[in-house]
1. How much space per residue, in cubic angstrom, does the convex hull of the C-alpha atoms of segment 65-116 take up?
2. Using the Cα centre as the reference, give the magnitude of the dipole from point charges on the C-beta atoms of the chain (Lys, Arg: +1; Asp, Glu: -1; all else neutral), rounded to the nearest 20 debye.
3. In whole Å, largest first, what are the principal axis extents of the Cα atoms in the chain?
4. Which ³J(HN,Hα) values, rounded to whole Hz and listed in residue order, are derived for segment 177-194 from phi using the Karplus coefficients 6.51, -1.76 and 1.60 in 6.51 cos²θ - 1.76 cosθ + 1.60 with θ = phi - 60°, glycine and proline given as x?
5. If I model segment 197-345 as equal point scatterers sitting on the Cα atoms and use the Debye formula, what is log10 I(q)/I(0) at q = 0.12, 0.21 Å⁻¹?
6. Amide H of CYS17: which non-local residues (sequence gap of 5 or more, or other chain) have their own amide H closer than 5 Å, using H built in the peptide plane?
7. Classify segment 51-182 as rounded, prolate or oblate, taking a ≥ b ≥ c as the square roots of the eigenvalues of its Cα gyration tensor: rounded when a/c is under 1.5, otherwise prolate if a/b is larger than b/c and oblate if not.
8. Which residues' amide hydrogens lie under 5 Å from the amide hydrogen of VAL30, considering only partners 5 or more residues apart or on another chain, with H built in the peptide plane?
Amino acid sequence: KQGCFTYDPGFVSTASCESKITFIDGGKGVLLHRGYPIDELAEHSDHLETCFLLLNGELPTSEQKTEFVNEIMSHTQVDDLLAYTLKGFKQDAHPMAILCGLLSSLAAFYHTDIDNNSQEDRTLVAKQVIAKIPTITAMIYKHGIGEDFIQADSTRSYAENFLYMMFSKGEKDYKVSPVLTRAMDKIFLLHADHEQNASTSTVRLSGSTGTNPFAAVCAGATALWGPSHGGANEAVLTMLEEIGDVSRIDEFVAKAKDKADPFRLMGFGHRVYKNFDPRAKVMKEACDEVLAELGLSDHPLLKIAKRLEQIALEDPYFVQRKLYPNVDFYSGIILKSVGIPTSLFTVIFALGRTPGWIAHWDEMLSSPLKIGRPRQLYTGSVKRSYPK
Ligand code: SDX
């Protein structure tokens, strides 16, 4: 049964829920979205088609896909008040701090009166948040570099429009490389959903109270920010840059094994996968394609990453603990080579994961809602009387 009941000896978390959206077999390195393997979706589908699949349970017909894409691209604009709010943030604020602030503000600008029990309302919210998060992400980037916001160009694809809003100055004939567009779309797709990870479980728990969906998505983003979760792609790049040269890899591998040292190899290991993260394989191929397109196949960071992966897959410490590269290991190299600053990496992860968050929220609200109430393993004092 593809329900989920999580019992973790570390702490009792009876996060019991049922979902039809994503299935993971961590031992075999299997990830299915509505039954379709992630590597087949990455090869044959695209991010918006996968969003449709996550939300509706089936791949769209070509007419449905055209209509869905047109609807998403028609909702890419954001309220001027949101732009005004963004400008209130310090220019050097961490992009995730700004994203969390803006996601909750969407509840102030849109659907303040949403009926969570209405499938029509829920579907509109899902389309709105999927459509607006690339615009918000690009605006956060532009705010950080002191440039004007670029209006979305709905004649472009979802990923191409994102890169246009990020790197153009608004020129209508601005050219975006098809290879970079495809790689960006693949990064969004590979992050779209991942069962009951910390951020998605947070969205479910928050949403189970009946709160505003934008607030529930904001809660998910706050969980994703941590370096053990979505913040890892940023931490991988920082680690690779700190290693600096393949000759220093052994020093860092030794640190990662040293129990007295809290250092861990970022981008390795996973709470569920005790085999290769299937997304990491696709990400590695995309990384090779992008760097080849940019003439950067000899990029020192790629050399360090590949050597580190080889060592980790051969070193008994990592092999015994089943520590394989995860989704974050190669994504940062792609993002950096596309020109995205490290500080924006987790925002990109949130952009990709938004369809999963809102699909789980919608699925949860499509059946009678029970507020989430995780229990605990009580290890405190037994009952005792107050001293007279
Ligand atoms: C994501 O849940 C999801 O689905 C998340 C995600 C998603 O799509 O939503 O897949 C996205 O969060 C991917 C993970 C990104 N995080 C990182 O790459 C950070 C580095 N990884 C580690 O922090 C760690 O691997 C975790 C947190 C990801 C998983 O930790 P676990 O499964 O709880 O492993 P553990 O802490 O029980 O460690 C088991 C052993 C320990 O050694 P021993 O005590 O047995 O001797 O493995 C060691 C750990 O010290 N270990 C590592 C390590 N990860 C675990 N040692 C060195 N480097 C590492 N990265």
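Values quoted throughout were computed directly from the atomic coordinates according to the rules given, and no laboratory measurement underlies them. A quick note: this is a predicted structure, and the numbers were derived from the prediction, not measured. Methodologically, a virtual Cβ is constructed for each residue, glycine included, from the backbone with ideal geometry; neighbour enumeration extends over all protein chains shown.
1. 116 Å³
2. Dipole of the chain, to the nearest 20 debye: 1780 debye.
3. The Cα atoms of the chain stretch 65, 59, 46 Å along their principal axes.
4. Those phi angles translate into 4, x, 5, 5, 4, 5, 5, 5, 4, 5, 4, 4, 4, 5, 9, 4, 7, 7 Hz.
5. Values, matching the q order: -0.55, -1.33.
6. Placed amide hydrogens put CYS4 under 5 Å from CYS17.
7. It is oblate, given that a/c is not under 1.5 and a/b is not larger than b/c.
8. Residues meeting the criterion, in which the H sits 1.01 Å from N, are ASP25.
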